[in-house]
Amino acid sequence: MEEIGFWVAAVVAAALVGMGKGGVPIVGMLSVPVMALVMNPVVAAGMLLPVYVVSDMFGLYAYRHAFDRRVLAILVPGAVAGIGLGWATASVVPEAAVTLLVGVIGVAFALNLILRKPAVTEPKRAEVAPGLFWGAVTGFTSFVSHAGAPPYQVYTLPLGMQKAVFAGTSTIAFAIINAVKLIPYYALGQLGLENLKHAAVLSVPAAVAVFAGVGLVKRMPERLFFRAVTWALLLISVKLVWDGARALI
């Protein structure tokens, strides 16, 4: 019975990963909480990382023509530096404190977007200094607490990218981040043989779900898409605040 429960949760989590890589807001970050229902969340994160990487390959193909080169050129170096910082301080920085900080930033930013008066969002040029900063925060928090989306969206949402470009840029950025994370995760012993076997099986439903997610993004109105992203950011961030505060208390 426990084995059945594990595989049900695992397949659901893999499908959520795939749909997230297909550009659907919020669902990808639900994968680890779903797996945490049946196993240790740290082990779950290590097992799902290869699934993320495989799903990234399909996401890269789906969005190979829709992305912002400048945003990636700015964000990715910062993210890699952030991952390195996370690895170097893995035994020093409390994960709960990082989770809480990311949640607070995300809540404040999402509420600002929701409560301010609607305005026409004109495309903006991605600035280097803020991009390097938020890229580093994205890489660090993604490594430490798998919560890279809120700081990433703090930087990218105000840029006014079209929904396909936004989804594609996000997919490519996190594909690189996840690939880089394989090195420290392996060094820290989170990529055991048993986890890799499970990940190989779960990559199948994840890959199918990528294209289901792409289809949904194409059919979703642009205004609704970004509204969903903003509310997803708020909901995720509230959960991060709760998780971080509870762990610290």
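Computed from the coordinates by the stated procedures, all read-outs in this text should not be read as laboratory data. What you see is a predicted model, and the numbers here were worked out from it, not measured in a lab. FYI the Cβ positions are ideal-geometry reconstructions off the backbone, even for glycines, and counts take in every protein chain you see.
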| field | Percentage relative contact order, the stretch 2-248, counting C-alpha pairs under 8 Å, at least six apart | value | 39 percent
| query | What whole number of Å gives the distance from the Cα centroid of the stretch 5-64 to the Cα centroid of the stretch 121-181? | reply | 19 Å
| Relative packing of peptides 175-186, 137-148 - highest average C-beta neighbours within 10 Å first | 137-148, 175-186
| Quick one: net charge of Tyr155's neighbours, Cβ under 13 Å, K/R +1, D/E -1? | +1
| How big is the gap, in Å, between the Cα center of the stretch 183-243 and the Cα center of the stretch 73-113? | 17 Å
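Roughly how large, in nm² to one decimal, is the mean projection of the convex hull of the alpha-carbon atoms in the stretch 1-141?
10.6 nm²
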| request: Compute the FRET efficiency between Tyr186 and Met57 as 1/(1 + (r/R0)^6), taking r as their Cβ-Cβ distance and R0 = 22 Å, and round to the nearest 0.05. | output: 0.75
| For the stretch 24-86, rounded, prolate or oblate, judged on the Cα gyration tensor with a ≥ b ≥ c (square roots of eigenvalues), a/c < 1.5 rounded, else prolate if a/b > b/c? | oblate
| query | Which of the peptides 14-22, 76-84, 223-231 is most tightly packed, and how do the rest follow, going by the mean number of other Cβ atoms within 10 Å of each residue? | reply | 14-22, 76-84, 223-231
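Which net charge results when you count Lys and Arg as +1 and Asp and Glu as -1 among the other residues whose beta-carbon is under 14 Å from that of Pro221?
That sum, taken over residues with Cβ under 14 Å, equals +4.
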| query | Ranked from highest to lowest mean number of other Cβ atoms within 10 Å per residue, what is the order of the peptides 126-133, 49-56? | reply | 49-56, 126-133
| request: Once you have all Cα-Cα distances for the stretch 65-202, histogram them in 5 Å bins from zero and send the whole-percent values. | output: 2, 10, 18, 20, 19, 14, 10, 5, 2, 1, 0
